[in-house]
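Engineer: Attaching a single structure in structure tokens format; questions to follow.
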Amino acid sequence: MKNLIENSDKKLIAAAKAAIIKNYDAENFNHTVGAAVACSSGEIYTGVNVHSLHGACAEQVAIGAAITAGERDFLKIVAVRGENGEEIIPPCGNCRQILSDYMPECDVLLMNEGSLIKVKSKELLTYAYKVEA
Ligand SMILES: [Zn+2]
């Protein structure tokens, strides 16, 4: 667990906030969460949650955008909730599995007891399910 916040962390959070500020819609489609993932290429990809019976979290949409663009090496990810993205939220259980599968060494930014911290993705899901090869 690291709590040293870098400028690139602030930039990533700002990108996640911009994604939800631009697309916030609590009335019709429940778009309330934005996410941003930074890749080793230097690019940042963003997403907002897509709500339905089996919707997708903002992290999944951002990761999907990155993968679609050809990215395979992920450095860090963050999700924010609210009309202004004011709340940094941790990944849900399903996202933790995806993070474990795709980017176990990726830093995940989240709040812990009022402080922003970075945790390795693999540390968020101990004894994770592994797909057999
Ligand atoms: Zn999730």
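The values are calculated or read from the model by the stated rules, or taken from the named source; none is laboratory data. These numbers come from a predicted model, not from an experiment. Positions of Cβ are generated from backbone atoms using ideal geometry, with glycine treated the same way; all protein chains shown enter the neighbour counts. Side chains included, ligands, DNA and RNA excluded: accessible areas come from the protein's heavy atoms. Shrake-Rupley method; radii C 1.70, N 1.55, O 1.52, S 1.80 Å.
Engineer: Return the only residue of Glu83, Glu132, Glu113 being at pLDDT 95 or above and more than 16 Å from the ligand (Cβ to nearest atom). Show your work before the answer.
Structural biologist: Working: Glu132 fails: at pLDDT 95 or above; Glu113 fails: at pLDDT 95 or above.
Checking each option against the conditions leaves just Glu83.
Engineer: Does region 64-72 contain any residue that is within 16 Å of the ligand (Cβ to nearest atom), part of a loop (DSSP other than H, G, I, E, B) and among the hydrophobic types (A, V, I, L, M, F, W, C)?
Structural biologist: No, every residue in region 64-72 fails to be within 16 Å of the ligand (Cβ to nearest atom), part of a loop (DSSP other than H, G, I, E, B) and among the hydrophobic types (A, V, I, L, M, F, W, C).
Engineer: With Ser8, Ser115, Ser52, Ser40 as the choices, which residue is surrounded by fewer than 22 Cβ atoms within 10 Å (Cβ to Cβ), over 23 Å from Tyr129 (Cα atoms) and touching an Asp or Glu at 6+ places or on another chain (Cβ under 7 Å)? Reasoning before the result, please.
Structural biologist: Numbers: Ser8 fails: touching an Asp or Glu at 6+ places or on another chain (Cβ under 7 Å); Ser115 fails: touching an Asp or Glu at 6+ places or on another chain (Cβ under 7 Å); Ser52 fails: touching an Asp or Glu at 6+ places or on another chain (Cβ under 7 Å).
Every option except Ser40 fails the conditions.
Engineer: Check off (1) in a loop (DSSP other than H, G, I, E, B); (2) in contact (Cβ under 8 Å) with a residue 40 or more places away in the chain; (3) surrounded by 13 or more Cβ atoms within 10 Å (Cβ to Cβ) for Leu109 and give me the number that stays unchecked.
Structural biologist: (1)
Engineer: Would it be correct to say that Ser100 is among the hydroxyl-bearing types (Ser, Thr, Tyr) and either open to solvent by less than 40 Å² (accessible area, probe 1.4 Å) or in contact with a Phe, Trp or Tyr (Cβ under 8 Å, 6 or more places away or on another chain) (or both)?
Structural biologist: yes
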